[in-house]
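One structure is given here, and the rest of the page talks about it.
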Amino acid sequence: MVIPTEPVGSIPRPPDLIAAVAKKGNEDPDLQPLYDAAVYDTVKRFEATGSPVITDGEQRKYHNFWTYSVHGLRNTAPDGFRIPFAAGHTRRMPRLTAGPFSYRRYADEDMVAAMRYAQMPVKQAVISPSALSLMYPAGGIPGYSRDEFIADLLREHETEVRRCLQRGAYNVQIDFTEGRLAVKVDPTGHLLNSFIDLNNLALSRFSAQERRRIGVHTCPGGDCDSTHSAEVDYAELLPSLFQLKAGNFYVSLAGEKDRARVLQVIRRHLKPDQRVFVGVIATIDPRIESREEVRERIHEAAEYIPLEQLGTTDDCGFSPFSDDTSTTRDTAFAKIRARVEGTALASEKLGRR
Ligand SMILES: [Zn+2]
């Protein structure tokens, strides 16, 4: 295939797993067989779509893509950073109450569990340092400075990415959904700039060769078929995004109102050693795209992006939050199949140019 295609990550959890977690909490040992079954089913169905790269569907990421690594830490309180969604609901992050900061779990464990069942390459998504930096309270923590926190955070993030790379990840994707949200929270751009700087500090710890296997995902958020920052102009984010020292970018695009304008901005700011995977599947739209529709979206993107720097992806995960039941597994896999088949159609045509 000329044009590479990859998922972003999450697949809706099976309803019996969601019900059991709601009843017993996420760490009850009784849940183990349910988690295993969910991962097995996800891997098999993912492979059946023809997707050349798969994920474990984040079946074990509790409670979401943002806090899975820190959920259950004793030195946290539940009243941290608030994410408001357009549908009216909010999601809340934990707040750090004392140092030192460390992760409670690393995502490579999930990846290795999926690899036991997988024939195809498995990629792994991890949360960005900038997202977790929001755990540190504005008022500070006595005896544990922000600088000490950032040092601990960068160490933990680097550890997680290295573990994924060393244990055979096809690549690692850093979830950076808060990039666009940062522009909404702080229209001056200072918050976004600080996020870019922080994430570049982390990326700088990797060699150029390693960074070719590291990517960054951006989107306006996706929860219960709603977004948190879709109204923010992409042109406020994308120039900064491509300053990140990563090799691959997974940019939601299918759900955008003016795709051509976004593609123009990408063309202007994408660097020669970077590849952009454009979203061709609108993950929060229940309608299943046809493969011809996907092909047309890729032809449109190819008018702006050099073919050797173009890839396709889904706009976002299908259920970044583990209890989100707004999309069924059947719908998610049907949409992934449309992405894979539509990308193959476009590759056939564009490859002959
Ligand atoms: Zn996303």
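Could you provide, to the nearest whole Å², the per residue accessible area of the range 309-353 with probe 1.4 Å? Intermediate results must be reported in sequence, preceding the final value.
Numbers: 1540 Å² over 45 residues.
Here the per-residue accessible area is 34 Å².
Accessible surface of T177 in the full protein assembly, 1.4 angstrom probe, to the nearest 10 Å²?
Approximately 0 Å² of T177 is accessible to the 1.4 Å probe.
Principal axis lengths of the range 143-205 from Cα atoms, whole Å, largest first?
Principal extents (Cα only, largest first): 40, 33, 16 Å.
Per DSSP H run of at least 4 residues, take -39500 (n - 2.57); add these up for the chain, divide by its residues and hand me the 222 nm value, nearest 500 deg cm²/dmol. Don't jump to the answer; show the numbers that get you there.
On the way: 12 runs with 137 residues, N = 353.
For the chain, the value works out to -12000 deg cm²/dmol.
Sorted by average packing, counted as other Cβ atoms within 10 angstrom per residue and highest first, what order do 194-201, 86-93 take? Mind dumping the intermediate values first?
On the way: 194-201: 18.4, 86-93: 13.9.
For the peptides 194-201, 86-93, the packing ranking is 194-201, 86-93.
Tally Lys/Arg at +1 and Asp/Glu at -1 over every other residue whose Cβ is under 10 Å from the Cβ of P78; what's the total?
Values: positive: R92, R95; negative: D79.
Neighbourhood net charge equals +1.
Whole number please: convex hull volume per residue, Cα atoms of the chain, in Å³. Intermediate results must be reported in sequence, preceding the final value.
Numbers: hull volume 44.1 nm³, N = 353.
With only Cα atoms used, the chain gives 125 Å³ per residue.
For the chain, set up a Gaussian network in which alpha carbons nearer than 10 Å are linked by springs, and say which option among S290, S207, S319 fluctuates the most.
S207
Charges only on Cβ, +1 for Lys and Arg, -1 for Asp and Glu: so what's the dipole of the chain about the Cα centre, in debye to the nearest 20? Provide the component values of the computation, followed by the final result.
Details: 46 positive and 48 negative charges, 120 e Å.
Taking the Cα centre of the chain as origin, the dipole is about 580 debye.
With the cut-off at 23 Å, report for the range 269-353 the share of all Cα pairs above it, as a whole percent. It would help to have the intermediate numbers written out before the result.
Values: 948 of 3570 pairs.
Here the tail beyond 23 Å accounts for 27 percent of pairs.
What are the principal axis extents of the Cα atoms in the range 152-294, in Å, biggest first?
39, 38, 33 Å, listed from the longest principal axis down.
Sorted by packing (mean other beta-carbon atoms within 10 Å per residue), highest first, where do 27-33, 78-84 land? Intermediate values should be presented prior to the final figure.
On the way: 27-33: 10.9, 78-84: 14.7.
Ranking, from highest mean packing down: 78-84, 27-33.
Using only alpha carbon pairs under 8 Å that are at least six residues apart, calculate the relative contact order of the chain and give it in whole percent.
22 percent
What full-extension length gain, to one decimal in nm, is calculated for D225 and D28 as 0.36 nm per residue of separation minus the Cα-Cα distance? Walk me through the intermediate numbers first.
On the way: separation 197, 0.36 × 197 = 70.92 nm, distance 2.91 nm.
The D225-D28 span can extend by a further 68.0 nm.
Put +1 on the Cβ of every Lys and Arg and -1 on every Asp and Glu Cβ in the range 1-158; which of A86, T42, I141 then has its Cα farthest towards the positive end of the dipole?
Highest projection toward the positive end goes to A86.
Let me check something: with ligands and nucleic acids excluded, how do D175, D147, D41, D186 order by accessible area (1.4 Å probe), largest to smallest?
In descending accessible area the options line up as D147, D41, D186, D175.
Among N200, C224, L253, pick out the residue whose Cα is farthest towards the positive end of the charge dipole of the range 191-277, where Lys and Arg carry +1 and Asp and Glu carry -1 on C-beta, about the Cα centre.
The Cα lying farthest towards the positive end belongs to N200.
Compute for the range 88-168: radius of gyration divided by Kirkwood radius, i.e. Rg/Rh, restricted to C-alpha atoms, rounded to two decimals. Walk me through the numbers on the way to the answer.
Working: Rg = 15.5 Å, Rh = 14.5 Å.
Reported Rg/Rh (Cα atoms, Kirkwood Rh): 1.07.
Keeping the other protein chains in place, figure out the carbon and sulfur percent of the accessible area of the chain, with a 1.4 Å probe. Spell out each step's value before the answer.
Numbers: 7180 of 14160 Å².
Ligands and nucleic acids excluded, carbon and sulfur give 51 percent.
Determine which aspartates and glutamates satisfy two conditions relative to K44: a Cα distance under 20 Å, and not lying fewer than 8 residues away in the same chain.
Counting by Cα, and skipping residues close in sequence, K44 has these aspartates and glutamates nearby: E6, D16, D36, D56, E58, D108, E109, D110, D314, D330, E341.
Charges at C-beta only: +1 for Lys and Arg, -1 for Asp and Glu. How large is the resulting dipole of the range 221-304 about its Cα centre, in Debye rounded to 20?
440 debye
Accessible area of K349, 1.4 Å probe, to the nearest 10 Å²?
In the full protein context, K349 sits at about 120 Å².
Tell me the net charge near T49. Cut-off is 14 Å between Cβ atoms, T49 excluded, with +1 for each Lys or Arg and -1 for each Asp or Glu.
On the way: positive: K44, R45, R291, R329, K335, R337, R339; negative: E6, D41, E47, E289, D314, D330, E341.
Surrounding charge for T49 is 0.
What would the Debye equation give as log₁₀ I(q)/I(0) for the range 305-353 at q = 0.14, 0.24, 0.30 Å⁻¹, counting only Cα atoms as equal point scatterers?
-0.48, -0.91, -1.17
Give the span of the range 1-145's Cα atoms along each principal axis, as three whole-Å numbers ordered largest to smallest.
Principal axes ranked by extent give 52, 41, 33 Å for the Cα atoms.
When the dipole is taken about the Cα centre of the range 120-234, and only Lys, Arg (+1) and Asp, Glu (-1) are charged at their Cβ, what size is it in debye, to the nearest 20? Before the final figure, lay out the partial values.
Numbers: 12 positive and 15 negative charges, 126 e Å.
Once rounded to the nearest 20, the dipole reads 600 debye.
What pairs from K23/K61; K61/K184; K184/K257; K123/K184 go past 22 Å between their alpha carbons? If you can, show how the numbers build up before the last one.
On the way: K23/K61 17 Å; K61/K184 27 Å; K184/K257 18 Å; K123/K184 30 Å.
Exceeds cut-off: K61/K184; K123/K184.
What is the range 49-123 by shape, rounded, prolate or oblate, if you read a ≥ b ≥ c off the alpha carbon gyration tensor as root eigenvalues and call it rounded for a/c under 1.5, prolate for a/b larger than b/c, and oblate otherwise?
Details: a/c = 4.02, a/b = 1.61, b/c = 2.50.
It comes out oblate by the Cα gyration axes.
The values are calculated or read from the model by the stated rules, or taken from the named source; none is laboratory data. If you're wondering where the values come from, they're calculated on a predicted model, not measured in any experiment. Here the Cβ is made from the backbone with ideal geometry for all residues, glycine too, and neighbour counts use every protein chain on show. Heads up: the accessible areas ignore ligands, DNA and RNA and are worked out on the full protein's heavy atoms, side chains in. Shrake-Rupley method; radii C 1.70, N 1.55, O 1.52, S 1.80 Å.
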